[in-house]
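Asker: Can you keep this structure in mind? I'll have questions shortly.
The values are calculated or read from the model by the stated rules, or taken from the named source; none is laboratory data. Values in this document were obtained by computation on a predicted structure and should not be read as measured data. A quick note on method: Cβ atoms are made from the backbone with ideal geometry, for glycine too, and the neighbour counts reach across all protein chains shown. Surface accessibility is based on the protein's heavy atoms, side chains included, excluding ligands, DNA and RNA. Shrake-Rupley method; radii C 1.70, N 1.55, O 1.52, S 1.80 Å.
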Amino acid sequence: MAEINRAVKGTNDILPHAAFGWRALENRLFETAALYGFSEIRIPVFEHTEVFNRSVGDTTDVVQKEMYTFDDKGGRSLTLRPELTAGVIRSIIEHGLVNGALPVKVCYEGGCYRYEKPQAGRLREFHQFGVECVGAAAANADAEVISLARQLLSSIGVEKIALQINSIGCPECRKHYHAALKEYFYKHTDTLCATCNDRLERNPMRILDCKSPICSEIADNAPVVLDFLCDDCAKHFDEVKAHLDSMGIEYTVNPHIVRGLDYYTRTVFEFVSGDIGAQATVCGGGRYDGLISQMGGPSTAALGFAMGLERLMLVLAAQNTALPEEPTCDIFFASMGDKARVKVSEISSMLRDEGFSVQTDICSRGLKAQMKYADKIGAKFTAVIGDNEIETGIIRLKNMKSGEEKELDLNSLTDSLYSILLALSVDELTDAVNN
Ligand code: ATP
Ligand code: MG
């Protein structure tokens, strides 16, 4: 019984006050992405399980341990999306966008589901904002996408964040690299965890991303992929760095970044915060030139990234950056008696049509309780409507902050309220500037 009053472990409610801040932040992200030509795409929360097995990779932690997979009543194996790239690419292929004008530039925001051990910055339902750029193979595409990630972070007020980049090459470089990795890790099979021993044959690069402290210590001294890049991949990486330099974007090359998903090729990158503890990567991405053909589409270069919104919220909180506040109600009408209540309905609907935010008593409270409520919700102004106000057509508008009162004619209420609210916001702005 207790269960019905408790959210599932690893999930969070975003309550009304916080949700306003989330929406403001999401709007800012979509607006910034639009500056680079990215448009929103919306895809389902679940897909055929195969969509993720094929793309994310069946030797990854995500596929091996973290997916919410279930059979539906028709016997299909479905999975709640652990990330959105796979579904977005499935959609772009399915609807033929990949055969149209390239590059296709899309962005998205949505919930992701991973069965992980819940802790700070690690949830079972979390939210990602991400972008995918499909059909762009040139190095300036990598730089532009990285620049967008950086601008997204600064647009929401993230101050200190370090960019780390690496290149993990193409399948050709990978052949030689895998051989070197196997040779190195074979010397450590006794100490590597069971999962990594299994990965050693199938996908040795995955060992570099293992979260076990023993495996990561061994991985620290493993050969690095940068030493195995073919000429084309090395040239591409040099070009990416030259573009980043020309854009004044600071980065460090971290040869240990391989990313947790199998589909990456060439450039990979992470934005890492020093303020939020162990789960420090707020944004991760890279190029995935092989994914579209692997998923049954035409061979097409592509790249993208995703950022975890909960982790971004942790960064903003650690910086003491306040989220935008919900605007308060412009005017609360208190009413006395049934006739007044009808009049209040009439006035309120007229004002709301004009764009004012209006609240009234819908709980049949006494006058004192109504005023208390108006104070609690932070109404900017209040007015009491009773028989007298209906008869004279004059109301007394009370400024809840200063206590000042003013008589207003109901016939010209819209105009007077408009100028009064405008004056109030000018005052507030002046105050904010002076403080
Ligand atoms: P980590 O190494 O922290 O497990 P990851 O490599 O699994 O991250 P990605 O799959 O690249 O992460 O997802 C991109 C971003 O989504 C991460 O950088 C992070 O901000 C966020 N993220 C990933 N998993 C979680 C989670 N369980 N809870 C909250 N945010 C997450
Ligand atoms: Mg992970």
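Asker: When you go through (1) open to solvent by less than 60 Å² (accessible area, probe 1.4 Å); (2) out of contact with any helix residue (DSSP H, G or I) (no Cβ under 6 Å at 6 or more places or on another chain); (3) closer than 30 Å to L413 by Cβ; (4) touching a residue at least 40 places away in the same chain (Cβ under 8 Å) one by one for G290, which number turns out not to apply?
Answerer: For G290, the exception is condition (3).
Asker: Quick one: how many residues across the stretch 320-344 are surrounded by 14 or more Cβ atoms within 10 Å (Cβ to Cβ) and modelled with pLDDT of 95 or more?
Answerer: Here the count works out to 11.
Asker: Of the numbered conditions (1) within 20 Å of G284 (Cα to Cα); (2) out of contact with any His (no Cβ under 9 Å at 6 or more places or on another chain); (3) open to solvent by less than 50 Å² (accessible area, probe 1.4 Å); (4) not β-branched (V, I, T), M205 satisfies every one except a single condition; which is it?
Answerer: (2)
Asker: Residues being in a loop (DSSP other than H, G, I, E, B), in contact with a helix residue (DSSP H, G or I) (Cβ under 9 Å, 6 or more places away or on another chain) and without any contact (Cβ under 8 Å) to a residue 40 or more places away in the chain: count how many of those fall in the stretch 79-102.
Answerer: 2
Asker: Under 6 Å by Cβ, and 6 or more places apart or on different chains, what pairs join a residue from the stretch 176-202 that is open to solvent by less than 60 Å² (accessible area, probe 1.4 Å) with one that is of a type in the set (D, E, K, R)?
Answerer: R199/R206
Asker: Shifting gears a bit: Suppose we filter R54, R28, R76 for residues that are open to solvent by 60 Å² or more (accessible area, probe 1.4 Å), in contact (Cβ under 8 Å) with a residue 60 or more places away in the chain, touching a helix residue (DSSP H, G or I) at 6+ places or on another chain (Cβ under 9 Å) and over 30 Å from P327 (Cβ atoms); which single one remains?
Answerer: Criteria check complete, one pass: R54.
Asker: Applying the selection to the stretch 238-265, what residues are away from ligand 1 (no atom under 16 Å from the Cβ) and farther than 19 Å from A162 by Cβ?
Answerer: Of everything in the stretch 238-265, those that are away from ligand 1 (no atom under 16 Å from the Cβ) and farther than 19 Å from A162 by Cβ turn out to be D238, E239, A242, S246.
Asker: Looking at the stretch 275-314, which of its residues are on the phi > 0 side of the Ramachandran plot, in contact with a Ser or Thr (Cβ under 9 Å, 6 or more places away or on another chain) and away from ligand 1 (no atom under 14 Å from the Cβ)?
Answerer: Within the stretch 275-314, no residue meets the criteria.
Asker: Do you know which residues across the stretch 125-146 are over 20 Å from F271 (Cβ atoms), surrounded by fewer than 21 Cβ atoms within 10 Å (Cβ to Cβ) and more than 15 Å from the chain's Cα centre (by Cα)?
Answerer: Scanning the stretch 125-146 gives G135, A136, A137, A138.
Asker: Only one of these conditions is not met by M247: (1) touching a strand residue (DSSP E or B) at 6+ places or on another chain (Cβ under 7 Å); (2) open to solvent by 60 Å² or more (accessible area, probe 1.4 Å). Which number is it?
Answerer: With respect to (1) touching a strand residue (DSSP E or B) at 6+ places or on another chain (Cβ under 7 Å); (2) open to solvent by 60 Å² or more (accessible area, probe 1.4 Å), M247 is out only on (1).
Asker: Has the stretch 394-414 got at least one residue that is on the phi > 0 side of the Ramachandran plot, touching a helix residue (DSSP H, G or I) at 6+ places or on another chain (Cβ under 8 Å) and modelled with pLDDT under 95?
Answerer: no
Asker: In addition: State all residues of the stretch 208-227 that are away from ligand 1 (no atom under 16 Å from the Cβ) and surrounded by 22 or more Cβ atoms within 10 Å (Cβ to Cβ); if no residue qualifies, say none.
Answerer: Result: V225, single match.
Asker: When the residues of the stretch 116-170 are filtered to those that are of a type in the set (D, E) and either within 16 Å of ligand 2 (Cβ to nearest atom) or in a loop (DSSP other than H, G, I, E, B) (or both), which remaining residue is modelled with the lowest pLDDT?
Answerer: Once the filter is applied, the top-ranked residue is E159.
Asker: Which one of K372, K406 is among the charged types (D, E, K, R), assigned to a helix (DSSP H, G or I) and open to solvent by 10 Å² or more (accessible area, probe 1.4 Å)?
Answerer: K372
Asker: Checking the structure you have, find out if any residue of the stretch 181-190 is basic (K, R), part of a helix (DSSP H, G or I), in contact with a strand residue (DSSP E or B) (Cβ under 9 Å, 6 or more places away or on another chain) and away from ligand 2 (no atom under 16 Å from the Cβ).
Answerer: Among the residues of the stretch 181-190, not one is basic (K, R), part of a helix (DSSP H, G or I), in contact with a strand residue (DSSP E or B) (Cβ under 9 Å, 6 or more places away or on another chain) and away from ligand 2 (no atom under 16 Å from the Cβ), which makes the answer no.
Asker: Return the residue satisfying two criteria in turn: it lies in the stretch 14-64 and is among the acidic types (D, E) and not in a helix (DSSP H, G or I), and of such residues it is farthest from ligand 1 (Cβ to nearest atom).
Answerer: The qualifying residue farthest from ligand 1 (Cβ to nearest atom) is E40.
Asker: Check the stretch 154-174 and report whether any residue there is closer than 29 Å to M67 by Cα, within 18 Å of the chain's Cα centre (by Cα) and more than 14 Å from ligand 1 (Cβ to nearest atom).
Answerer: No.
Asker: Out of all the residues in the stretch 132-147, is one or more away from ligand 1 (no atom under 16 Å from the Cβ), within 30 Å of A242 (Cα to Cα) and among the polar types (S, T, N, Q)?
Answerer: Checked against the condition, which is being away from ligand 1 (no atom under 16 Å from the Cβ), within 30 Å of A242 (Cα to Cα) and among the polar types (S, T, N, Q), the stretch 132-147 yields at least one hit.
Asker: Pull out all pairs, ordered by first then second residue, where Cβ-Cβ is under 7 Å, the residues are six or more apart or on different chains, the first lies in the stretch 342-363 and is within 21 Å of E326 (Cα to Cα), and the second is open to solvent by 70 Å² or more (accessible area, probe 1.4 Å) and in a helix (DSSP H, G or I).
Answerer: These pairs meet every condition: V358/R352.
Asker: With D415, D431 as the choices, which residue is in a helix (DSSP H, G or I) and either surrounded by 11 or more Cβ atoms within 10 Å (Cβ to Cβ) or of a type in the set (F, W, Y) (or both)?
Answerer: The match here is D415.
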